[in-house]
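Have a look at the structure below, then the notes.
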Amino acid sequence: MVKKFKIMLKGISIVLLIMSIVLLIMIIINFGMDWCIFDKFGNGSDDGWLGFWGGFLGAIFAVVGVWWQTNKTITNEKELMFSNARPFFNLTVERDTLNLGKLYVTSDEKIGLGRKVIYLKIDNFSNKLMMKVVLKIYTKDGQTDKISIGRIEGGESIQIAPSWTHDIYKMSITDSEFNELDLKIKEICVYFTTEKGERLKLYFQNINGNIENIDSEKIVESNATKNNLNKLNEEYSNNEVFKESKMKLLKK
């Protein structure tokens, strides 16, 4: 919301600046018609000079209009290209036994099928690839887990076991006690890169036990400001050698 407001404010500032410049030129022309300098360039009448300046300003506005429309078209085409490469995925908290397939973990401790745990799951519902996926999971007690996944294919589901998932797996508790366990997650930041090289950051919060997307940030290196790109790179750890987290393939 703040980012959209800043963009709108910048657009309004540009419009006001252009209007101020045009108004200033019109005022100068209005008072300048009585200056002797106009007589030195010929014997043109006031109407003739007004026609000249009117045509001159009209040409400037026409050029600016064509530039603005062309720039807008290019921007829209780029946005369409990048948006077509963005995957549609869902991040959920699961309170159940683990499923067969990939499980990314933060520990070498034993974990497997057959016992209820609380874990995270990413379902990529689209046919778009997610690359260099990084999850930073912040808990209510101040702990941070980081999970790195090399790629998530279109249509693929990935299970994620943060450190507290391992803790729950080791517990000997009844189903009713399990149902009373509090979700330790405070917030999650998900970073990934699309097939077109766009870097995205999605911010999720724990709202009444459900993980909900609150905000997102999209940065393309070619048109990102240096500060924004460096900030996202620092969060993303993009300048480090990407190292995938440990993965267990759960089988029967």
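The table below lists the values:
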{"read-out": "The range 121-220 - Rg over Rh from alpha carbon coordinates, Kirkwood radius", "value": "1.01"}
{"read-out": "Longest to shortest principal axis, alpha-carbon extents of the range 120-180, angstrom", "value": "40, 26, 17"}
{"read-out": "The range 72-120: equivalent-ellipsoid semi-axes (sqrt of 5 x gyration tensor eigenvalues, Cα, Å)", "value": "40, 11, 8"}
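Each value in this text was obtained by applying a stated rule to the coordinates, not by laboratory testing. Keep in mind it's a predicted model, so treat the numbers as computed, not measured.
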